[in-house]
1. Output yes when any residue across the stretch 404-427 is within 29 Å of Leu101 (Cα to Cα) and either crowded, with 21+ Cβ neighbours inside 10 Å or touching a His at 6+ places or on another chain (Cβ under 6 Å) (or both), and no when none is.
2. May I ask you to say which residue of Leu352, Leu394 is of a type in the set (A, V, I, L, M, F, W, C), under 21 Å from the mean Cα position of the chain (by Cα), surrounded by 16 or more Cβ atoms within 10 Å (Cβ to Cβ) and over 29 Å from Tyr247 (Cβ atoms)?
3. How about the stretch 237-258: which of its residues are in contact with a helix residue (DSSP H, G or I) (Cβ under 7 Å, 6 or more places away or on another chain) and closer than 13 Å to Gln317 by Cβ?
4. Return a yes/no flag: does the stretch 197-215 have any residue that is touching a residue at least 12 places away in the same chain (Cβ under 8 Å) and closer than 30 Å to Ile351 by Cα.
5. In this structure, does Tyr434 turn out to be aromatic (Phe, Trp, Tyr), over 18 Å from Lys486 (Cβ atoms), touching a residue at least 12 places away in the same chain (Cβ under 8 Å) and assigned to a helix (DSSP H, G or I)?
6. Inspect all residues belonging to the stretch 361-375 and state whether any of them is closer than 30 Å to Leu251 by Cβ and under 21 Å from the mean Cα position of the chain (by Cα).
7. What is the number of the single condition among (1) in a loop (DSSP other than H, G, I, E, B); (2) free of Cβ contacts under 8 Å to residues at least 12 places away in the same chain; (3) surrounded by 17 or more Cβ atoms within 10 Å (Cβ to Cβ) that Asn378 does not meet?
Amino acid sequence: MKILLVYPQYPDTFWSFKHALKFVSKKAAFPPLGLLTVAALLPGEWEKKLVDLNVSRLKDKDIRWADYVFLSAMLVQRESAKEIIQRCNELGASVVAGGPLFTTGYREFGGIDHFVLNEAEITLPAFLEDLRKGSPHYIYTTGEKPDVSRTPVPLWSLVNMNKYASMNIQYSRGCPFDCEFCDIIILNGRIPRTKSKIQVLAELEALYHGGWRSGVFVVDDNFIGNKNKLKTEILPAMIQWMAEKKYPFALSTEASINLADDEELMRLMVDAGFSTVFIGIETPNEESLAECAKLQNQNRDLVASVKKIQNFGLEVQGGFIVGFDNDPVSIFKNQVAFIQNSGIVTAMVGILNALPGTRLYQRLKKENRLLKVPAGNNTDSSLNFVPRMKSEALVDGYQQILRTIYSPVRYYERVKTFLKEYKPGRRIGRLRYYHIHAFVNSVWALGIREKGRLYYWKLFLFALFKYPRRFPMAITLAIYGYHFRKIAEKYTANKAGTKLLVSS
């Protein structure tokens, strides 16, 4: 059996890092971990090829070669997925589709021969068994959550690691919290399911033996969902492994803000090689936090929590949302003030989207406020529901946030705020060729060509002389800023004349 695994293209968004990737001559931020795991679940004797449209083209001969085309996608990849389906249909290829996009929205797709939905550890074996018998069904779905301690190591041999800026692994699925707007509970459940330390080390080992020596993103819904197991089993094992291998990876992950409440956990994470954590801050408005049931963020000093995590040696990347029913007209200035004061350099601000299957989606449906299926990109200024605030005011205020926080003066100011708080661990990653390449490119693109070059040089000198150990981080963040500005310009072009907000 010949299987072609295809991953659709991402549009140009905040998280595509398209403009930043050029500095290091990479094609995409991450490889398609889900498809690589699916490939490992397929019979070993089958022939397999993977085409990631973010790093290479899908050729007709690839489709004709395959007995089945396996397609997986996220919501934001919908349009590219539809194009792939159409090409496969035109060439007479059988398509098997799964992943988040299809699990929550398979009814909108035609041209699919078989849907293998939910988590593949359960539904894929059933499909393969029926395929062996010659009578596969149209849809395979389940409400059962698999034991991920039986999940195999992804089939890394199918990708060229050199095309990517970072690799990724998964330790757990699920999140103990139940935010109204989030679809994690729909996809992966509320009880965190974890892999063993043997599995985690095996996945790190696979990347190491594949020659990888750079960033690794632990793609969990909430890495700290099971704190006890992390502290007693997983992180101690990772610390030992990283020390033995002389710290080949810089680790990053996603977690909730209550990480700030556990100093032991933060120390262990830093000792294991973690340097970055993405946290859903959402909003500084208490009423809006209560509205969306973001319990872990309520009744705490969020800025202080962020700074504490930074003090322990973890860069905090933040997710922010505007458009809650309880958002006041001051929310836009308040968001800007919070982002600037907290020193969260990578601040992804989006307009609230109602994702299919979420409690928010169901509530707005009952209130007759839904407008359309979301695009999966909450940074493109689009609305898929009727907000309490006037739509024009919401979109205008949102775009003002983007123009403000990613303007050179505000962005570089925020990097300085972060560097003052950030206290990296003793181990700094090794200098590699692509670091030098990125540095040289940053001097040319940001220090010479760009209009905001004065702020680049001010940051350059500030970091070099005041925080020399943090200088590489400063240059990295400067490069990220270039990408973020390009995206902000793209999504705010229709209101380019709006006056920037001034935070109090």
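The values are calculated or read from the model by the stated rules, or taken from the named source; none is laboratory data. Every value quoted in this text rests on a predicted model; they were computed, and no experiment measured them. Please note: Cβ atoms are built from the backbone with ideal geometry, for glycine as well, and neighbour counts cover all protein chains shown.
1. Looking for residues that are within 29 Å of Leu101 (Cα to Cα) and either crowded, with 21+ Cβ neighbours inside 10 Å or touching a His at 6+ places or on another chain (Cβ under 6 Å) (or both), one finds none in the stretch 404-427, hence no.
2. Of Leu352, Leu394, the one residue that is of a type in the set (A, V, I, L, M, F, W, C), under 21 Å from the mean Cα position of the chain (by Cα), surrounded by 16 or more Cβ atoms within 10 Å (Cβ to Cβ) and over 29 Å from Tyr247 (Cβ atoms) is Leu352.
3. Hit for the stretch 237-258 is Ile257, nothing else.
4. Yes, there is a match, as at least one residue in the stretch 197-215 is touching a residue at least 12 places away in the same chain (Cβ under 8 Å) and closer than 30 Å to Ile351 by Cα.
5. Against the criterion (aromatic (Phe, Trp, Tyr), over 18 Å from Lys486 (Cβ atoms), touching a residue at least 12 places away in the same chain (Cβ under 8 Å) and assigned to a helix (DSSP H, G or I)), Tyr434 qualifies.
6. No.
7. Here Asn378 meets the rest and fails (2).
For (1) surrounded by 15 or more Cβ atoms within 10 Å (Cβ to Cβ); (2) more than 30 Å from Ser149 (Cα to Cα); (3) under 16 Å from the mean Cα position of the chain (by Cα), each residue gets a yes or a no:
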{"site": "Thr13", "(1), (2), (3)": "yes, yes, yes"}
{"site": "Lys22", "(1), (2), (3)": "yes, yes, no"}
{"site": "Ser25", "(1), (2), (3)": "no, yes, no"}
{"site": "Ala29", "(1), (2), (3)": "yes, no, yes"}
{"site": "Asp60", "(1), (2), (3)": "no, yes, no"}
{"site": "Val76", "(1), (2), (3)": "yes, no, yes"}
{"site": "Lys82", "(1), (2), (3)": "yes, yes, no"}
{"site": "Asn89", "(1), (2), (3)": "yes, yes, no"}
{"site": "Val95", "(1), (2), (3)": "yes, no, no"}
